[in-house]
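Notes follow the structure.
The values are calculated or read from the model by the stated rules, or taken from the named source; none is laboratory data. Not measured: the values here are computed from a predicted model. Here Cβ is always computed from backbone atoms with ideal geometry, including for glycine, and neighbour counts include all displayed protein chains. Side chains included, ligands, DNA and RNA excluded: accessible areas come from the protein's heavy atoms. Shrake-Rupley method; radii C 1.70, N 1.55, O 1.52, S 1.80 Å.
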Amino acid sequence: MARIIGPKCRMCRRSGVKLYLKGTRCDSDKCSLNKRPYAPGQHGNARSRKSEYGLQLREKQKAKWTYGVLERQFRKYVTRAMESKGITSENLYRILESRLDNVIFRSGLAVSRAQARQMARSGLFMINDKVVKTPSHAVQPGDVIKAVDFSKVHLREGFILPDWIGANVKGRYITYDRYPTLEDFNGNYEIQSIIDFYSR
């Protein structure tokens, strides 16, 4: 399965904001965006996108890099969101947040989405007592997610559990209670700019 490779800190510097692609390193003094708060490359300080197209492109790139999705799959998500009933931006947000690797990350069972993706690919999680090895698997409301071997799970410190995810500490499993809405959105990208980019 295709995945994004290359220096992750370079993506944060290109975006101009922290995308938290490297887990706890992004909150430490080692974060490259703290040391070099400008775009990578020889002319990083001078580069700036001021056109409407450039701003929309940057928002799309930030969302893709945040969730670790390539262009072809991301375009499918946007198309599905446009064809579904309801608010397009909310549909897209729901699709992205319902990915299995993202739910694992949001639940604090991994320090980054990249680690959550690898753990899912390794078959470390079950959905409704069935092992699922597809990181992009769409989790549905009411699904119960549980680790096959909890000793291999790396709990993230200081995380806040979203309202749409429930946790049973005694049973060591999480539940996907409902789909997130735009009121729950706390991302560092603008969803409407992404919709406008693909609506050209």
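Things to note:
- Residue in segment 138-158 that is closer than 16 Å to PHE105 by Cβ and in contact with an Asp or Glu (Cβ under 6 Å, 6 or more places away or on another chain) present: no
- Selection count where residues are at pLDDT below 85 and touching a helix residue (DSSP H, G or I) at 6+ places or on another chain (Cβ under 8 Å), scope segment 124-156: 4
- Any hit, segment 80-88, residues being in contact with a Cys (Cβ under 8 Å, 6 or more places away or on another chain), open to solvent by 50 Å² or more (accessible area, probe 1.4 Å) and either at pLDDT below 95 or among the charged types (D, E, K, R) (or both): no
- Residue within segment 99-114 that is open to solvent by 60 Å² or more (accessible area, probe 1.4 Å) and either in contact (Cβ under 8 Å) with a residue 12 or more places away in the chain or in contact with a Ser or Thr (Cβ under 9 Å, 6 or more places away or on another chain) (or both) present: no
- Qualifying residue in segment 179-200 (condition: among the basic types (Lys, Arg), over 18 Å from the mean Cα position of the chain (by Cα) and closer than 25 Å to LEU92 by Cα): yes
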